[in-house]
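Remarks on the structure that follows.
Read-outs: derived from the displayed coordinates by stated rules, not from any lab. Values in this document were obtained by computation on a predicted structure and should not be read as measured data. Note that we place each Cβ from the backbone using ideal geometry, even for glycine, and neighbour counts take in every protein chain shown.
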Number of protein chains: 2
Amino acid sequence: MADMSFQEFSGRVMVSVEELCRDYYRENRDLIRVKKEDVAVRNLVTIVNATIKLSCRMGFDAMSLRDLSRESGLSMGALYSYFSSKEDLLSIIQCHGQSAVERILRDNTRQESDTAVKLRNVIRTHLYLSELMSQWFYFFFMETKNLNKKYQKISVESELLTERIITDILDEGAKNGMFIIDNIQLTGSVIKAMMQDWYLKKWKYKQRNVSVETYAQFIIDVTESFIMKKT
Amino acid sequence: MADMSFQEFSGRVMVSVEELCRDYYRENRDLIRVKKEDVAVRNLVTIVNATIKLSCRMGFDAMSLRDLSRESGLSMGALYSYFSSKEDLLSIIQCHGQSAVERILRDNTRQESDTAVKLRNVIRTHLYLSELMSQWFYFFFMETKNLNKKYQKISVESELLTERIITDILDEGAKNGMFIIDNIQLTGSVIKAMMQDWYLKKWKYKQRNVSVETYAQFIIDVTESFIMKKT
DNA sequence: GTCTATATACCGATAGAC
DNA sequence: GTCTATCGGTATATAGAC
């Protein structure tokens with residue numbers, strides 16, 4: 001099968017902020033004063049998008065709720081119908097956002113018998129998703145330290161989980177003789193580091209007109225030159 | 001010559017916050033109310049160290065000057081004898097810190113005729129320095145967006161400069177036939193990304209007992225497997 | 001369900017005592 | 001040179017009108 005293009009990926013994967021907000025709403029009906037689901041979800045989408053946008057520009061802490069009120073078009077009072085504190089808003093986005101990402105990654109990691117193909121697919125899928133949700137990924141990384149300890153732990157586990165997905169494949173390849181790897185954990189770490197650079201330095205790659213497909217192929221080339229048997 | 005150890009490096013490179021603060025003091029005698037140089041420099045060191053420490057924990061924006069007062073042991077009033085605003089304090093640390101880093105890198109990049117050796121030295125030097133000053137590097141990265149535009153530009157240029165140091169060597173190696181590189185700029189980007197991971201994810205590597213020497217050698221191995229002629 | 005107006009607390013910054 | 005006390009402003013959060 002030909003390598004998946006970003007266009008194909010973004011057509012297939014519907015990253016739905018609405019779905020994410022609906023999940024949050026249904027799990028917290030009792031805490032949210034607004035009782036009409038469609039109204040609540042629509043406003044939640046607005047709030048979450050505005051928060052991500054402002055936070056990526058100035059940082060979540062520097063963003064005041066007056067800024068958020070202006071950007072979202074909702075009054076201060078209305079905002080507090082949807083969350084109980086500013087800290088709570090941060091936790092909601094982090095927690096529900098990260099689990100949405102994990103679900104999408106899981107759903108889009110097809111079963112694949114060839115270990116090398118599997119690795120390539122995972123790298124592409126991660127990168128394409130981080131392109132679709134670049135502001136979210138940036139937000140997750142930059143705002144971890146503003147979370148309370150409980151949610152910080154969840155955030156760290158999410159970092160380790162994505163690394164684990166990589167290292168599991170590396171491990172399989174090492175066992176079946178397809179890869180030669182001296183240090184699986186460090187190999188996984190640097191693959192993750194290279195993938196992360198895509199959304200942490202988006203300004204740089206955009207300025208240089210590097211497409212996510214070019215970048216993905218490059219990361220795959222670097223990785224394979226390191227772990228594949230030299231012929 | 002044998003590869004330099006971190007111990008050797010940290011013995012040779014005196015990263016002196018005092019020196020950095022003295023530079024700042026001498027350039028801004030007129031703005032600083034405290035006139036005894038040794039008193040001023042001593043307190044500046046305390047202030048800068050406390051700022052870095054608190055900012056890495058909670059973020060510069062979330063750190064109040066009352067927090068800084070408590071951590072440094074100086075009163076609010078005393079703090080304002082050393083800088084004119086909170087924003088000013090951030091700029092001082094970013095600007096003087098980054099130029100100190102650039103100077104140290106320049107001073108410690110020995111002339112070297114062998115391109116491959118040169119590349120290895122640069123990777124090691126960058127990583128060892130980012131280990132010595134890990135909180136500073138973390139601070140530089142995380143607090144860029146809180147800077148005003150002028151200093152943001154300086155910060156971006158600093159990012160591009162270190163990448164340029166790498167790509168210049170890659171270019172030389174490509175020209176003299178020592179390296180085979182398809183895309184020099186992207187190669188430089190991912191080398192930088194791998195180096196950056198060392199201080200962005202310090203908690204992870206510490207937890208796993210990965211030493212900076214091990215990490216440096218690993219990055220070098222990954223890089224060389226990608227750019228050296230296969231034999 | 002959303003608004004305006006307001007309560008309360010803490011922010012950065014400064015004045016003036018010592 | 002450093003302190004305490006306090007300023008005005010703005011932050012989060014809420015109460016009550018509509």
Using a Gaussian network model of chain B whose springs link C-alpha atoms within less than 10 Å, name the residue from B:M58, B:M133, B:M142 with the highest mean-square fluctuation. B:M58
Whole-Å distance, taken between Cα centres, linking segment A:128-180 and segment B:36-94: 34 Å
Placing the label point 7 Å from Cα along the Cα-to-Cβ direction, what are the distances from B:G77 to the equivalent spots in the other copies, shortest first, in nm to one decimal? 4.4
Going 7 Å from the Cα of B:L161 in the Cα-to-Cβ direction, what parts of segment B:102-119 have a backbone nitrogen less than 12 Å from that spot? B:102-107
Gained length - B:K229 relative to B:Q135, 0.36 nm times residue gap less alpha-carbon distance: 30.1 nm
Quick one: in chain A, what % of C-alpha pairs are over 31 Å apart? 29 percent
On a 0 to 90 degree scale, rounded to 10, what angle separates helix A:37-58 from the longest Cα axis of chain A? 70 degrees
Per-pair calculated FRET efficiency, R0 = 41 Å: B:E19 and B:M76 via Cβ, rounded to 0.05: 0.90
Exercise: per-residue mean of other protein chain Cβ atoms within 10 Å, A:57-66: 3
Dividing the alpha-carbon Rg of segment A:58-123 by 2.2 N^0.38 Å yields what? 1.73
Would you mind calculating the gained length between A:D88 and A:K145 on full extension (0.36 nm times residue separation, minus the Cα-Cα distance), in nm to one decimal? 19.1 nm
For segment A:1-127, how big is the tail of P(r) above 23 Å, as a whole percent of Cα pairs? 43 percent
CD proxy at 222 nm, helix term only [per DSSP H run n ≥ 4: -39500 (n - 2.57); per residue of the protein assembly as shown; nearest 500]: -23500 deg cm²/dmol
Shortest first and in nm to one decimal, what separations exist between B:D30 and its copies in the other chains, measuring from label points 7 Å along the Cα-to-beta-carbon line? 6.5
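So what's segment B:117-231 giving for Rg/Rh, alpha carbon basis, Kirkwood Rh from the mean inverse pair distance?
1.00
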Using the alpha-carbon atoms, what tilt in degrees (0 to 90, nearest 10) does helix B:86-107 show relative to the longest principal axis of chain B? 40 degrees
So what's the protein assembly as shown giving for Rg/Rh, alpha carbon basis, Kirkwood Rh from the mean inverse pair distance? 0.99
Report the extension gain between A:M58 and A:K36 in nm, rounded to one decimal, defined as 0.36 nm multiplied by the number of residues separating them, less their alpha carbon distance. 4.7 nm
If labels are modelled 7 Å from Cα along the Cβ direction, B:G177 lies from its partners in the other copies at nm distances, smallest first, of 3.7
For A:217-223, mean number of other protein chain Cβ atoms within 10 Å: 4
Within a 10 angstrom radius of each residue's Cβ in A:203-215, how many Cβ atoms of other chains show up on average? Whole number is fine. 2
Going by alpha carbons, how many degrees (0 to 90, nearest 10) lie between the helix axis of B:184-200 and the longest principal axis of chain B? 50 degrees
GNM flexibility winner over chain B from B:Y138, B:Y199, B:Y215 (Cα, springs under 10 Å): B:Y215
